[in-house]
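The values are calculated or read from the model by the stated rules, or taken from the named source; none is laboratory data. Predicted, not measured: the structure shown is a model, and the values here were computed from it. Every residue, glycine as well, gets a Cβ built from its backbone with ideal geometry; the counts of neighbours run over all protein chains shown.
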Amino acid sequence: MSTMSTKEIPREQWIRFFDDFSKKHQGWIVNWEVLGRDIGDQEKTNRLPLVGISADKGSKPRIDIIVGGRPDAHVTQIIETPKHVRFKEPDQPGHEAIEVETEDGRVTLITFWHFDPEQKEHLLPPKN
């Protein structure tokens, strides 16, 4: 069993962190959950490829997450009022996670898996 180290990403580094992360992880398979006392654990997506993640630090900070990348499997989530961004890196490369906590305490957990291109088609939901 591998362990993960967690690193807080300072707010002033969010834009660069997500730009770099998106470039390196585009196409990686994503599982994505939202955790909160008022909503419990809710799975948003399962086994969709990452399109990208971006941050906007303007007057109303937000983080946009896009997965899927095809008409029948495309999900965009906008996280309003992000307070903390944490990167969880395993001791063995290939399975990583990002945690975004908002002002109201909700946590969005995005877990990434890297697979060989030949395997990827077997992991994606079937096309309609």
Take segment 31-62 and flag every residue that is assigned to a strand (DSSP E or B), at pLDDT 85 or above and over 14 Å from the mean Cα position of the chain (by Cα). D56
Enumeration of residues in segment 67-87 that are buried (at least 17 other Cβ atoms within 10 Å of the Cβ), modelled with pLDDT under 95 and within 14 Å of the chain's Cα centre (by Cα): V67, G68, Q77, I79
If we keep only residues of segment 103-128 that are closer than 20 Å to I15 by Cβ and at pLDDT 90 or above, then the residue surrounded by the fewest Cβ atoms within 10 Å (Cβ to Cβ) is E103
Consider E103 carefully, then state whether it is in contact with a Lys or Arg (Cβ under 6 Å, 6 or more places away or on another chain) and charged (D, E, K, R). yes
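Are any of the residues in segment 90-102 surrounded by 15 or more Cβ atoms within 10 Å (Cβ to Cβ), over 16 Å from V34 (Cβ atoms) and either of a type in the set (D, E) or out of contact with any strand residue (DSSP E or B) (no Cβ under 6 Å at 6 or more places or on another chain) (or both)?
Yes, there is a match, as at least one residue in segment 90-102 is surrounded by 15 or more Cβ atoms within 10 Å (Cβ to Cβ), over 16 Å from V34 (Cβ atoms) and either of a type in the set (D, E) or out of contact with any strand residue (DSSP E or B) (no Cβ under 6 Å at 6 or more places or on another chain) (or both).
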Quick check on segment 1-14: of everything there that is closer than 14 Å to I98 by Cβ and of a type in the set (V, I, T), which residue is surrounded by the most Cβ atoms within 10 Å (Cβ to Cβ)? I9
What number of residues within segment 57-76 are out of contact with any Phe, Trp or Tyr (no Cβ under 9 Å at 6 or more places or on another chain) and touching a residue at least 40 places away in the same chain (Cβ under 8 Å)? 3
Is it the case, given these coordinates, that K24 is at pLDDT 90 or above and closer than 18 Å to I9 by Cβ? yes
